[in-house]
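**Student:** Here's a structure for you.
The values are calculated or read from the model by the stated rules, or taken from the named source; none is laboratory data. Only a predicted model underlies this, so the values are computations on that prediction, with no experimental measurement involved. When we count neighbours, we look across all protein chains shown, and the Cβ atoms used for this are built from the backbone with ideal geometry, even at glycine. Accessible surface areas use protein heavy atoms only, side chains included; no ligands, DNA or RNA. Shrake-Rupley method; radii C 1.70, N 1.55, O 1.52, S 1.80 Å.
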Amino acid sequence: MMRFTLLGSGTSTGVPLAGCRCAVCTSTNPKNLRNRTSALIELPSGFAILVDAGPDLRHQCIAHRVRRIDAVLYTHGHADHILGTDDLRSYNFIGRHRISCHGSQETLASLRRSFSYIFDQSSGYVGGLLPQLDLHEFPHEGVIEIGGASLETFPLPHGDVQVTGFRLGDLAYCTDFKGLPDSAAKKLQGLKYLFIDGIRYEPHNTHNTIEEAVDIAARLKPERTFLIHTTHSVDYDEVNPLLPPGIELGYDGITIQF
Ligand SMILES: [Zn+2]
Ligand SMILES: [Zn+2]
Ligand SMILES: [Zn+2]
């Protein structure tokens, strides 16, 4: 069995939004507390793959008692998916090994730009031990092997960026996109679990609305669908009961054995 944990279900700002006094941001319901969207996949061997290293990474790892990170799969290079990369150092110290970081050419280029002190040997960095990370490029569309697991990848449209979606067994993870290409839909038949960007009800240029995500789920018919990357306009107790059967709001800490 593999284990999937949703470490964060929130949009790029996180929820609560710093400084905001709206009903969701001041809510005491833990399901309205959304760290930046990311996930952890633990393989039967114990090998642990982090999906995206956002700015909340350290807090998420402490909250969910993440003991091990062996590899990172980056979906794309936006700040809310990469800015925790420096905190991977902890797992270099604890695990005493380097961490393999996997992404498309475009994503790795963003990582190299944003973290030149880590990846550019000529940057002249002087200080504590840098994160020990090895970059591995994968094609947007194909099958990649990480820690003995085979993940099928496919590109998803997200404004001027291509996001990597993936399928591992009967679970698929599709964050940050708007509109599902037919090529991806073909790979997403017969799913048990689908994690899908459904940001809010109001239209968005580069993210599925909740209605768009629900339409995609109706087309793919997974057994269970979880909406992720949601904003502070989505109150868990108000919105979750309105969703069709089999579709629910994701929340931080959801765990799936698959
Ligand atoms: Zn994002
Ligand atoms: Zn708010
Ligand atoms: Zn994004």
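**Student:** Among the residues of region 160-184, write down those that are in contact (Cβ under 8 Å) with a residue 40 or more places away in the chain, within 14 Å of ligand 1 (Cβ to nearest atom) and either open to solvent by less than 10 Å² (accessible area, probe 1.4 Å) or out of contact with any His (no Cβ under 9 Å at 6 or more places or on another chain) (or both).
**Tutor:** Within region 160-184, V163, T164, G165, Y173, T175, D176 meet the criteria.
**Student:** Does Q121 satisfy the condition of being free of Cβ contacts under 8 Å to residues at least 24 places away in the same chain and open to solvent by 10 Å² or more (accessible area, probe 1.4 Å)?
**Tutor:** yes
**Student:** Given the criteria out of contact with any His (no Cβ under 9 Å at 6 or more places or on another chain) and at pLDDT 95 or above, does S110 qualify?
**Tutor:** The answer is no for S110.
**Student:** When you scan region 111-118, do you find a residue that is under 19 Å from F177 (Cα atoms), within 16 Å of ligand 3 (Cβ to nearest atom) and buried (at least 19 other Cβ atoms within 10 Å of the Cβ), even just one?
**Tutor:** no
**Student:** Run T153 past the list (1) within 26 Å of N32 (Cβ to Cβ); (2) crowded, with 21+ Cβ neighbours inside 10 Å and report the number of the one that doesn't hold.
**Tutor:** T153 satisfies every listed condition except (1).
**Student:** If I ask for residues that are within 16 Å of ligand 2 (Cβ to nearest atom), of a type in the set (G, A, S) and crowded, with 17+ Cβ neighbours inside 10 Å, which ones from region 1-37 would you list?
**Tutor:** S9, G10, S12, G14, S27
**Student:** Another question, if that's okay. Out of everything in region 57-82 that is open to solvent by 60 Å² or more (accessible area, probe 1.4 Å) and out of contact with any Asp or Glu (no Cβ under 9 Å at 6 or more places or on another chain), what residue ends up being nearest to ligand 3 (Cβ to nearest atom)?
**Tutor:** The selected residue is H59.
**Student:** Name the helices (runs of 4 or more DSSP H) wholly within region 157-258 that hold at least 1 residues that are closer than 23 Å to S110 by Cβ?
**Tutor:** Output list reads 182-186.
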